[in-house]
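Each value in this text was obtained by applying a stated rule to the coordinates, not by laboratory testing. Note that the structure is predicted; figures quoted are calculated from it, not measured. Here the Cβ positions follow ideal geometry from the backbone for every residue, glycine too, while neighbour counts run over all protein chains shown.
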Amino acid sequence: MTKPKLICVVGPTAVGKTGVAIQIANALNTEIISADSRQFYRELEIGTAKPTADELKQAKHHFVNNLSIHDDYNVGRFEKEVIAKLKLLFKKHQTVILVGGSGLFVDAVCNGLDAFPKIDEAVRPKLIQEFEDNGLSNLQDELKATDLDYYKIVDLKNPQRVIRALEVIRGTGKTFTEFRKQKPKERDFDVIKIGLAMEREELYSRIDDRMDQMIENGLFQEAQEFQSYSHLNALQTVGYSEIFGYLSGTYDKNEAVRLLKRNSRRYAKRQLTWFKRDQQTVWFNPNQIDQILNFLTGELKIA
């Protein structure tokens with residue numbers, strides 16, 4: 001019997017993944033699972049670029065607004081929950097869409113998580129203390145010096161990811177990358193990966209425009225509302241951390257806007273670096289919806 005198919009739609013922020021995923025879902029009469037770790041949190045609306053209310057009506061979405069910022073959540077839980085959800089969805093559909101720009105979460109569903117050795121329990125608290133005392137930049141520099149490959153693809157604005165990598169490096173004497181190159185888990189479904197990309201200038205222009213729209217829609221006010229929770233992992237991300245610096249008086253609003261756009265562009269570059277390393281991904285411009293659907297027709301062997 002033919003295995004069901006998980007169609008992954010990946011790419012950088014602002015490239016248009018949501019719109020393409022909805023068109024594919026409607027063409028195949030199926031449902032969408034979000035693999036964007038910033039869209040899980042129900043309290044955060046403006047800075048997460050969630051599907052709009054209209055888009056959520058156009059296709060059934062899962063793992064959007066499913067968590068609180070106060071929930072303790074990680075990629076391991078996401079893997080288990082999505083695999084369980086897929087077992088249910090594949091009873092109704094031969095295909096399901098997984099869409100998002102969080103590469104680690106996509107990889108966890110497609111390939112499983114890598115097995116890391118047990119680390120001395122004293123290592124992590126020391127790293128957390130260094131982060132609280134000196135900020136993230138020193139830890140970023142250490143990661144760059146000790147594991148340049150992972151430094152190039154990790155979300156450097158996410159303290160949890162940087163600290164986790166350094167925890168493994170300090171605890172084992174090996175790079176984090178070495179433990180990530182292991183055999184994928186066997187899955188009960190096949191994976192088809194579609195990457196969305198465009199010319200860099202166009203993408204960066206879209207990122208800047210979207211950031212301007214978010215600011216107009218009240219991004220600064222939303223960040224201020226959650227300023228007292230800025231220590232939570234859900235808020236230590238591009239789109240919020242830059243505004244917290246402004247709110248604390250570190251720099252003015254113009255600098256905050258500059259950093260929002262710059263860091264969003266840098267995040268997009270890292271996303272592309274992450275996804276481009278996967279040779280199984282077939283790349284399209286998001287406007288090539290007919291070509292994407294034709295490609296899927298061939299892959300799914302639909303008459």
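Some values worked out for this structure:
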read-out	value
Signed unit charges on C-beta, dipole axis of the stretch 101-223, positive-most listed residue Gln221, Val191, Leu139	Val191
Cut-off under 5 Å, modelled amide H: who pairs with His62 long-range	Ile32, Ile33, Ser34
In degrees, nearest ten, helix 253-276 long axis to first principal axis of the chain (Cα)	50 degrees
Mean Cβ neighbour count within 10 Å, used as a protection proxy, ranking 152-160, 211-219, 273-281 highest first	152-160, 211-219, 273-281
Sequence-distant residues sharing a close amide H with Trp283 (under 5 Å, placed H)	Gly195
Computed over the chain, the ratio Rg/Rh where both radii use C-alpha atoms and Rh is Kirkwood	0.96
Expected-Rg normalisation [2.2 N^0.38 Å, Cα atoms] applied to the stretch 3-129	1.15
Folded to 0 to 90 degrees: helix 137-146 orientation relative to the chain principal axis, Cα	60 degrees
Cβ-Cβ FRET estimate between Asn233 and Lys3, R0 fixed at 45 Å, reported to 0.05	0.85
Residue-wise HN-Hα coupling along the stretch 45-53, computed from phi with Karplus coefficients 6.51, -1.76, 1.60 (Hz; x: Gly, Pro)	10, 6, x, 9, 6, 5, x, 6, 4
Cα-centred dipole magnitude for the stretch 25-116, charges only on beta-carbon of K, R (+1) and D, E (-1), debye, nearest 20	420 debye
The stretch 123-180, dipole about Cα centre (Lys/Arg Cβ +1, Asp/Glu Cβ -1), debye to the nearest 20	200 debye
Relative contact order, percent, the stretch 123-180 [alpha-carbon distance under 8 Å, six or more residues apart]	38 percent
Amide H contacts of Asp71 (H built 1.01 Å from N, under 5 Å, at least 5 apart or other chain)	none
Projected-area average for the stretch 123-180 over all orientations - Cα convex hull basis, square nanometres	3.4 nm²
The chain: calculated mean residue ellipticity at 222 nm from DSSP helix runs of at least 4, using -39500 (n - 2.57)	-15500 deg cm²/dmol
